[in-house]
Amino acid sequence: MTLDLQSIVLLLLVGLAAGILSGFVGIGGGVIMVPALIWLLSYSQQQAQGTSLAVLMFPVVFLAVRNYYKAGAIDPKVVGFIAVAFVVGSYFGSKWSLALPMETVRKVFGAVILLVALKMIFGK
């Protein structure tokens, strides 16, 4: 991908939106970055997911986590358990995603987001 001025501006806007929503409601990568990279910059499903994960690899959410920790909203023991399982799960999940056709991965991605949205809107 060539990084012309329009692409750079779009990437910065995607990052800003993802960062604001990540800090505000704990979403960003999958819900904002992946669809935006696909729709605005014509990334494939796997390219968008990989880019989203690569962004999270760096300490981009450090300040938001610090704010929540200072407010007493984070239990480090819980984070540790989830992180260990997340590492294992993300390894296998990425292997499975890359082994499947892009169309299948896109449909699974959309179904997961839809189910989560419906549960958040209509669930208790």
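Most fluctuating residue of V105, V14, V60 in a GNM of the chain with Cα springs under 10 Å: which is it?
So, out of V105, V14, V60, the one fluctuating most is V60.
Using the Cα centre as the reference, give the magnitude of the dipole from point charges on the C-beta atoms of region 5-122 (Lys, Arg: +1; Asp, Glu: -1; all else neutral), rounded to the nearest 20 debye. Intermediate results must be reported in sequence, preceding the final value.
Details: 7 positive and 2 negative charges, 33 e Å.
My answer is approximately 160 debye.
Debye calculation, C-alpha points only, no solvent: report log10 I(q)/I(0) for region 5-122 at q = 0.11, 0.15, 0.17, 0.21 Å⁻¹, in the same order as the q values.
The computed values of log10 I(q)/I(0) come out as -0.43, -0.80, -1.03, -1.40.
Taking 0.36 nm per residue of sequence separation and subtracting the Cα-Cα distance, how much length would be gained by fully extending the chain between W39 and V88, in nm to one decimal?
Numbers: separation 49, 0.36 × 49 = 17.64 nm, distance 2.96 nm.
Roughly 14.7 nm would be gained on extension.
Let's test the formula: R0 of 30 Å, r as the Cβ-Cβ distance of V116 and Q6. What FRET efficiency results, to the nearest 0.05? Mind dumping the intermediate values first?
Working: r = 31 Å, r/R0 = 1.04.
It comes out at approximately 0.45.
Based on the mean of other beta carbon atoms within 10 Å per residue, what is the order of 80-93, 46-59, most packed first? Before the final figure, lay out the partial values.
Numbers: 80-93: 10.4, 46-59: 15.7.
Per-residue Cβ counts within 10 Å, averaged per peptide and sorted highest first, yield 46-59, 80-93.
List the residues of region 27-65 whose backbone N lies under 12 Å from a point placed 7 Å from the Cα of I74 along the Cα-to-Cβ direction.
59-65
Charges on Cβ only, +1 for Lys and Arg, -1 for Asp and Glu, centred on the Cα centroid of the chain; of V31, L100, V78, which one is farthest towards the dipole's positive end?
V78
Taken together, the values in this text are just the output of simple stated rules run on the coordinates, not laboratory data. All values reported here derive from a predicted model rather than from experimental measurement. Please note: Cβ atoms are built from the backbone with ideal geometry, for glycine as well, and neighbour counts cover all protein chains shown.
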